[in-house]
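Engineer: Just passing along the structure, written as structure tokens.
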């Protein structure tokens, strides 16, 4: 399950994390600073490993990120995660 850093440090705009699962264009990560759509609040926007995050959603207790086609990421890859702070 993804560690939700946004609960303990809501002002963090960048972290290094690792890809834990890839299913087509959907990925999961070890840690996240992206808030997922919930309670009427919109999801954060930003990038994971230079790829624009197109959608952020909750699936049970996991947060899933949808990236564009041919993102090239695989489980175990270290990536930089950045949120669009001005939009937040």
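No value in this document is a laboratory result; all are computed from the given coordinates. Owing to the predicted nature of the structure, the values given are computational and were not obtained by experimental measurement. Cβ placement follows ideal geometry from the backbone for every residue including glycine, while neighbour counts extend to all protein chains displayed.
Engineer: Determine, for 11, 35, the number of other Cβ atoms within 10 Å of each Cβ, and report the residues in order from fewest to most.
Structural biologist: Least crowded to most crowded, the residues run 11, 35.
Engineer: While we're here: Of all the Cα-Cα pairs you can form in the chain, what percent are over 21 Å apart?
Structural biologist: In whole percent, the long-distance tail amounts to 18.
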